[in-house]
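K.L.:
Before I ask anything, let me first share the structure, which is written out below as structure tokens.
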Amino acid sequence: MTAADIPTEALRTRVAEQLRRARDRSVALTDAVDDDDLVRQHSKLMSPLVWDLAHIGSQEELWLVRDVGGRVPLRPDIDDLYDAFQHPRADRPALPLLSPAEARTYVREVRDKAFDVLEHSPLDGRRLEAGGFAFGMIVQHEQQHDETMLATHQLRSGAPVLNAPPPPPGRPLPAAEVLVPEGPFTMGTSIDAWALDNERPAHDVHVDAFFIDTAPVTNAQYLAFVEAGGYDDPRFWSEEGWAYRAKADLNAPRFWVRDGSGWLRNRFGHIEPIPPDEPVVHVCFHEAQAYARWAGKRLPTEPEWEKAARFDPATGRSRRFPWGDEDPGPEHANVGQRHLSPAPVGAYPDGASPLGVHQLVGDVWEWLDSDFHGYPGFEAFPYREYSEVFFGGDYKMLRGGSFGTDPVAGRATFRNWDHPIRRQIFAGFRCARDASREQSA
Ligand code: AVJ
Ligand code: FE
């Protein structure tokens, strides 16, 4: 949806639906475990689930109830506890957090007020309200934390508690890679009403011709790298990657479990065979880069990825999604936690880009060889701590969303970033290579 095109009452209905959908997911992710599991830290990398829940409410109170609504604060006393910049994740379990029951009551009370604010907002006028931006931002914030909570579930030990049907079957793809022609394309957006500050403004970027894989690297392909001794050969690793590989003793993707001479995986508590045709997931940037070098390729850059995902050579336009401008249906992409794993390669022929690149959106976030910076003309909005404070930091870009990313935060302009050593996120990658030699030949 480009919310700007929608009449106000339809937009209000749309916002309400999106708020409800996000909350249903947050409730499902937190009701799936007992109170003890909600307050426990399952990994130093993650917050206790009950922190995420109350933090979702806290951001909603800040932006919708107080700022948009101009209402009196519900709980000004807890602002600091749920400010992500005040307390690193590792410290959060020791804070005097709201109990699970208190957190549930709090997010419900905030939501009741937010719905009242929605009823009265013109969804127009000031920039925060135009096109329902603040509501869209808060929906995306909740869905992003839901994906984070899903990653916490993956880190949790004990019996499985989440269920979903398996993804659709894969199919052979006509080609392993395609040529993306040289030339400019429009990167980012200035018209998508719910696009966040770091996706703006739209601007032309020249991209040299390059080849990009039509699918993400699969478990079978990655296993070949593991078995070929890729983890033991410094030629394939950057200096920084090699040092981290040694320090963290990396030898396979996270959640792969040794089984005699082979491997199984732990997926949300299920120990199971590793499906060969699914995109590999839970690798860090350094592992992705080492694989690409071993394969004689490289990771795409962020402009390359976005051009492959959005550029329509027939019209020269950039699309919202690889398949067009409409939001993903179940035939387009593996998103929204409909399934609890990536789908095998070729499972979404209707989701391919005009150039024939598959599964750019959904399945796994894709590591890219680009750092996080603002686009030319970037303006922090509505707060510097969403994007700007991370510019120039030790981050690599990720694009396309995973099986755990809701489509509301999964458009092809959406930018994600993380430290190059992180493996708990649902991240994989695809490879690219220069086309310059072929072009001039
Ligand atoms: C955009 C996914 C990197 O989780 O750190 C959540 C999203 N920002 N609350 C994160 C976010 C504030 C952010 N990422
Ligand atoms: Fe947050």
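K.L.:
How many times 2.2 N^0.38 Å is the alpha carbon radius of gyration of segment 196-250?
P.N.:
Here the Cα radius of gyration is 1.72 times the empirical estimate.
K.L.:
Give me the dipole magnitude in Debye, nearest 20, for segment 170-441 about the Cα centre, with unit charges on the beta carbon: positive for Lys and Arg, negative for Asp and Glu.
P.N.:
Value, rounded to 20: 420 debye.
K.L.:
Hey, got a sec? Which trypsin sites (Lys or Arg not before Pro) in segment 177-255 land in a DSSP loop and have at most 15 other Cβ atoms within 10 Å?
P.N.:
Loop-located and lightly packed - none at all.
K.L.:
To continue, here is another question. Please name whichever of 198, 96, 162 sits farthest to the positive end of the charge dipole of the chain, dipole taken about the Cα centre and charges placed at Cβ: Lys and Arg +1, Asp and Glu -1.
P.N.:
Going by the charge dipole, the pick is 162.
K.L.:
Here's another thing I want to ask about it. Which of the trypsin sites (Lys or Arg not before Pro) across segment 335-435 are loop residues per DSSP, with 14 or fewer other Cβ within 10 Å?
P.N.:
Of the trypsin sites (Lys or Arg not before Pro), the ones in loops of segment 335-435 whose Cβ has at most 14 other Cβ atoms within 10 Å are 384.
K.L.:
What net charge is computed for the residues neighbouring residue 246, neighbours being all others with C-beta under 12 Å from the C-beta of residue 246, Lys and Arg scored +1, Asp and Glu -1?
P.N.:
Once positives and negatives cancel, what remains is -2.
K.L.:
Loop only per DSSP, at most 12 neighbouring Cβ atoms within 10 Å: give me the trypsin sites (Lys or Arg not before Pro) in segment 11-63, ordered by residue number.
P.N.:
44
K.L.:
In whole angstrom, and with the biggest value first, how far do the Cα coordinates of segment 3-155 range along each principal axis?
P.N.:
Here the spans come out as 44, 30, 24 Å, largest first.
K.L.:
Find the all-direction average of the projected area of the Cα convex hull for the chain, expressing the result in square nanometres with one decimal place.
P.N.:
21.1 nm²
K.L.:
So, counting K/R as plus one and D/E as minus one, what does the shell of residues with Cβ under 11 Å around residue 387 add up to?
P.N.:
So the surrounding residues net to -2.
K.L.:
May I ask which residue of 372, 33, 392 lies farthest towards the positive end of the charge dipole of the chain, with charges of +1 (Lys, Arg) and -1 (Asp, Glu) on Cβ and the Cα centre as origin?
P.N.:
Of the candidates, 33 comes out farthest on the positive side.
K.L.:
Rounded to the nearest 500, what is the 222 nm mean residue ellipticity of the chain from helices alone, with -39500 (n - 2.57) per DSSP H run of 4+ residues and division by all residues?
P.N.:
Computed ellipticity for the chain at 222 nm equals -9000 deg cm²/dmol.
K.L.:
Which entries in the list 307/396; 44/307; 44/247; 44/396 go over 26 Å, if you measure between the two C-alpha atoms of each?
P.N.:
Listed pairs above 26 Å: 44/307.
K.L.:
What list do you get for 281, 226 if you sort them by fewest beta carbons within 10 Å?
P.N.:
Ascending Cβ contact count within 10 Å gives the list 226, 281.
K.L.:
Same structure, new question: Using the reciprocal of the averaged 1/r over all distinct C-alpha pairs, how large is the Kirkwood radius of segment 157-228 in Å?
P.N.:
This gives a value of 17.1 Å.
K.L.:
Which Cα, out of 55, 229, 121, lies furthest along the positive dipole direction of the chain (beta carbon charges, K/R +1, D/E -1)?
P.N.:
Toward the positive end, the furthest listed residue is 229.
K.L.:
Placing unit charges on C-beta atoms (Lys and Arg positive, Asp and Glu negative, everything else neutral), compute the dipole magnitude of segment 3-155 about its Cα centre in debye, rounded to 20.
P.N.:
Approximately 200 debye in magnitude.
K.L.:
Let me ask something else. Percent relative contact order of segment 3-155, based on C-alpha pairs within less than 8 angstrom and at least six residues apart?
P.N.:
Relative contact order of segment 3-155: 36 percent.
K.L.:
By what distance, in whole Å, do the Cα atoms of segment 376-421 stretch along each of the three principal axes, largest value first?
P.N.:
Projected onto its principal axes, the Cα set of segment 376-421 covers 29, 27, 18 Å.
Read-outs throughout are calculated quantities, based only on the coordinates presented, and are distinct from any laboratory measurement. It should be emphasised that the depicted structure is a prediction, and the values quoted were computed from it without experimental measurement. Glycine gets a Cβ as well: all are built from the backbone with ideal geometry, and neighbour counts include every protein chain shown.
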